[in-house]
Amino acid sequence: MFSHKPLNRQRTEVRLVRFAPELNHAQDIELELCHASLVDNTTHYAALSYVWGDVNNALQVRINGEPFLIGHNLCAALEQLQRRRVDSWLWADSISINQSDLEEKSWQIDQMHSIFAQADVVYMWLGPGNAEKVERYITARPPSRHSDAYDLVDGSKLAVFFFDLLQESGLMSTASQSGPLESGIINLIHREYWYRVWIILEVTVAKDALIMCGEKGATLDVFDAAINAITHCRAGYCDSRPEYRLFRRNISRGLWRNTRPIWTRQKRLRHEPVFLADILVLHGHQAKRPFYTATDPRDIVFALLGVITDGEKMGVTADYTKSFVDIFSAVTRALIRDGDAGSEAYHLDRCMPRVDNQDGLPRWVPDWRKVGRAGLRPSFGRRKGSCTAGVPPPSYAACNDNWRNPLVLHRAGCRVDVITEVLQLPPSAQLNPASWLTSVVGFTGLGPSTDPAEDYVWRTVFRGHLHPYIPSEEIARLTRKLLRQEYIEVNVLTQDQTEFIRDWPRRQRVCLAWVTS
């Protein structure tokens, strides 16, 4: 069996392979392997971006004449590159990294940004499949780059292009069935490739990228331009012209843009910062696909270190000697620390303690594997401010990163009381505003008459969203009566109070929507 020889870390070496001259009797893929330095200007190579897939029942290739086992998906990608007569040196992680050497693996992972950024081209292998119709369309119709769709001097050419696009029968669909071209595009975008976390780095930093699906291929810029042209056609014409109402009906506007590798790549091309929380902390869910996944949960963090702007501030490095519990805890602690400093992406209020404690994960640490699959829910509101008039809020103390137990979270604060009972909020569909407000009065033990001291109860109940609607004490007195559902004498109301009551049903609906969100 082929065995890896040590890399020279001082020379920033990597392993590259290329196809050996084909032998008539050879049944395996024959590869030559060499060591090359990333700091050497004469080093030229392409990088292969792919998902590992099922690595059971691995297939055999030969490296420098010795047998070596690789996964089915990598083997399919290499076979396709060989058929395309690619003769350049290639970097592919499962071959180029000694996966059994954790120390080498850790520092090679730290070099992933440089490896993919310095590659002459990145081959994006989406897997086998027939993408002929999609490939023929995107290489024949749209402009070569997304920006060209806006920079054409001759507006008539752009109009003809969009009109021609709208006549494409393959993009017409019904509520139950997509057109053939539309189905092909949806199939490509829904592939596992796009939500594997390592792909985010590999696509984001690539200088030039070629999408490969089966025997077909197109540059990433062309594919991106095609999807955007289709999206703009739908937004610009189809909503106002009934004859085009079936155009691209089943391709949602955010399906492509919200794909994390494309989202981060566009941010990078615009020279905008990309923060870890922007990728990890996601809400809601995406139909039929997750946001991000990884075979090794530690890679959910490690794979993003070469992309994010705040990597150093996170204080995490790729270290495969640490458990995913240690990594998830360290990252969550850093996110909470940034949240206390003013970032609204993630903070302590978003922690949802779990009843179970599987895998030894602390209860205050989200299982980022599950967040990647289904988003972070629920989302809690947060409003900074002092509870006592005239007293400024205390400054937050930073996390004590030197605490002897890194799995315990210590935060500055004060103890108010012990929670003995909790008022359960019914589901939004079953929420009866009148009965629920009555239950709040009874649960909190408000006195028989209204009083300004009870305002803190209603601020808490409505998460601060009712307070901006109350401009004066006159309106505040009226609001307390409305919330308690007390009798109001109409003939003594001021004009401002009368207008407030007229708009009260709408304001109440808005505030209750925040309560149940």
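The values are calculated or read from the model by the stated rules, or taken from the named source; none is laboratory data. Because the structure is predicted, anything quoted here is derived from the model rather than measured. Methodologically, a virtual Cβ is constructed for each residue, glycine included, from the backbone with ideal geometry; neighbour enumeration extends over all protein chains shown.
Among the residues of segment 434-442, is there at least one that is touching a residue at least 12 places away in the same chain (Cβ under 8 Å) and part of a loop (DSSP other than H, G, I, E, B)?
Quick first cut of segment 434-442, residues touching a residue at least 12 places away in the same chain (Cβ under 8 Å) only: 434, 437-441.
Now drop any that are not part of a loop (DSSP other than H, G, I, E, B), which leaves none.
So far as segment 434-442 goes, no, none of its residues is touching a residue at least 12 places away in the same chain (Cβ under 8 Å) and part of a loop (DSSP other than H, G, I, E, B).
Just checking: which of the strands (runs of 3 or more DSSP E) contained wholly in segment 21-128 hold 2 or more residues that are surrounded by 21 or more Cβ atoms within 10 Å (Cβ to Cβ) and among the aromatic types (Phe, Trp, Tyr)?
121-127
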Inset, instruction - Report yes if some residue within segment 306-321 is closer than 25 Å to SER94 by Cα, at pLDDT 85 or above and assigned to a helix (DSSP H, G or I); otherwise report no. - result: no
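Residue check: is PRO297 surrounded by fewer than 17 Cβ atoms within 10 Å (Cβ to Cβ) and either touching a helix residue (DSSP H, G or I) at 6+ places or on another chain (Cβ under 7 Å) or of a type outside the set (Phe, Trp, Tyr) (or both)? Before the answer, list the steps.
Numbers: surrounded by fewer than 17 Cβ atoms within 10 Å (Cβ to Cβ): no; either touching a helix residue (DSSP H, G or I) at 6+ places or on another chain (Cβ under 7 Å) or of a type outside the set (Phe, Trp, Tyr) (or both): yes.
No.
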Legend entry - When residues of segment 421-456 are limited to those that are touching a Leu at 6+ places or on another chain (Cβ under 8 Å) and within 22 Å of GLN497 (Cα to Cα), the one surrounded by the fewest Cβ atoms within 10 Å (Cβ to Cβ): PRO433
Legend entry - The lone exception for TYR237 - which of (1) modelled with pLDDT under 60; (2) touching a Lys or Arg at 6+ places or on another chain (Cβ under 8 Å); (3) buried (at least 16 other Cβ atoms within 10 Å of the Cβ) it fails: (2)
Inset, instruction - Among the residues of segment 465-492, write down those that are farther than 22 Å from PRO426 by Cα, surrounded by fewer than 16 Cβ atoms within 10 Å (Cβ to Cβ) and polar (S, T, N, Q). - result: SER472, ASN491
Inset, instruction - Could you grab me the full set of residues in segment 418-436 that are at pLDDT 80 or above and among the hydrophobic types (A, V, I, L, M, F, W, C)? - result: VAL422, LEU423, ALA434, TRP436
Legend entry - Positions within segment 456-473 being in a helix (DSSP H, G or I) and under 16 Å from ARG507 (Cβ atoms), in sequence order: TRP458, ARG459, VAL461, HIS467, PRO468, TYR469
Legend entry - Any pair with Cβ under 6 angstrom, 6 or more apart, that starts in segment 207-228 at a residue that is at positive phi and ends at one that is outside any strand (DSSP E or B) and surrounded by fewer than 22 Cβ atoms within 10 Å (Cβ to Cβ): GLY214/PRO128; GLY214/GLY129; GLY214/ASN130
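Which residue is surrounded by the most Cβ atoms within 10 Å (Cβ to Cβ), if the candidates are limited to segment 493-516 and must be among the hydrophobic types (A, V, I, L, M, F, W, C) and within 15 Å of PRO468 (Cα to Cα)? Please lay out each step first, then the result.
From segment 493-516, those among the hydrophobic types (A, V, I, L, M, F, W, C) are 493, 500-501, 504, 510-515; that's our starting set.
This time we only want the ones that are within 15 Å of PRO468 (Cα to Cα), so: 500, 504, 510-512, 514.
Details: PHE500: 21, TRP504: 14, VAL510: 13, CYS511: 19, LEU512: 19, TRP514: 13.
Only one residue tops the list, namely PHE500.
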Inset, instruction - Give the residues of segment 328-367 that are at pLDDT 70 or above, surrounded by 18 or more Cβ atoms within 10 Å (Cβ to Cβ) and among the small types (Gly, Ala, Ser), sorted by residue number. - result: SER329, ALA330, ALA334
Inset, instruction - Could you tell me which residue of segment 30-57 is farthest from ASP93 (Cα to Cα), considering only residues that are at pLDDT below 90 and among the hydrophobic types (A, V, I, L, M, F, W, C)? - result: VAL55
Inset, instruction - Those residues that are among the aromatic types (Phe, Trp, Tyr) and in contact (Cβ under 8 Å) with a residue 60 or more places away in the chain, I need them from segment 450-464; list them, please. - result: TYR456
